[in-house]
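Here is the structure we will look at, set down as structure tokens.
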């Protein structure tokens, strides 16, 4: 693989899905904790401050266990997967998201990460609600019924998606040739379930559902079915509404024909830095499998010429 002077997966790159996920989670964490501090300053008793903050703020972003309450707060199906209160929960989430998200972007392209994250969060929300309302010991009316908060299910989906795509992907190559990705995933799952074991069985089921949807997403992708493509089209549509000059619609191609004795086109396998950068950007956005045979041959030629 040729060396790229500007790594397309750097967190600072525009439209990097991993960057946006990390930033959104961090911003929501800062806002929630700032509001919590305000409540603690406003009330003399910490217990009252905690109760008021939970009722007036936290309950409006966390996913309720009670299906009836959810009907009045449907937006929590999305907001809960970006909300954290504990700094250690946030750090753990972002570290695992960064690790598995970087690998998934590298293997499948930048555009697949956000759909996997959202699908994982939605699957976790669905099974959390079902478990909380159908299994007696985790009933929404019981004392064990806690609201759902955090990106656990979404990150589990990203982890399983990356592992399903390339289980033998090597990390830390300096350690005896590298550690297979599936080993890291097993460690992640063990730590994750050890963390939530004392909370609620509904959480465990939700995380399991997130992992399952990550597996299904990749299996469908390998069959040629991109079940997250509608999200990208919806995003492009919204972007076009606010940026009319950046239309994502397919432009109609026009062809001109001329009478001539010469061939209209002949291939010239000339390696240029611009074309190389374009192909690397395509890999970043769509994954290596999106390249044509001609483009793969060009990358091979470029690596031999050491561009």
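Overall form of region 82-194: prolate. Here a/c, set by the Cα gyration tensor axes a ≥ b ≥ c, is 1.5 or more, and a/b is the larger of a/b and b/c.
What is the Cα centroid distance between region 155-225 and region 28-68, reported in whole angstrom? Each part's Cα centre sits 32 Å from the other's. Debye sum, Cα scatterers, region 13-69, no solvent: what log₁₀ I/I(0) at q = 0.28 1/Å? Log10 of I(q)/I(0), two decimals: -1.05. The length gained by stretching the chain between residue 215 and residue 30 to full extension, at 0.36 nm per residue less their Cα-Cα distance, is 63.4 nm.
Listing 55, 112 from fewest to most neighbouring C-beta atoms within 10 Å gives 55, 112.
Any idea what % of Cα-Cα pairs in region 75-131 are farther than 12 Å?
71 percent
Spin-label point model (7 Å from Cα, Cβ direction): what's the residue 126 to residue 75 distance in nm? Each label point is offset 7 Å from its Cα along the Cβ direction, giving 2.4 nm. Relative to the current alpha-carbon distance between residue 223 and residue 275, full extension at 0.36 nm per residue lengthens the span by 15.8 nm. The peptide list 155-165, 88-98, put in order of mean Cβ contacts within 10 Å with the highest first, becomes 155-165, 88-98. Along its first, second and third principal axes, ordered by size, region 17-233 spans 57, 36, 36 Å in Cα coordinates. Its relative contact order, with pairs defined as Cα atoms under 8 Å and 6+ residues apart, puts region 17-233 at 23 percent. Annotation for residue 171 and residue 42: the two label points, set 7 Å from Cα along the Cα-Cβ direction, are 4.1 nm apart.
Only the coordinates and a few stated rules stand behind these numbers; no lab work does. Just so it is clear, the model here is predicted, and its values are computed rather than measured. When we count neighbours, we look across all protein chains shown, and the Cβ atoms used for this are built from the backbone with ideal geometry, even at glycine.
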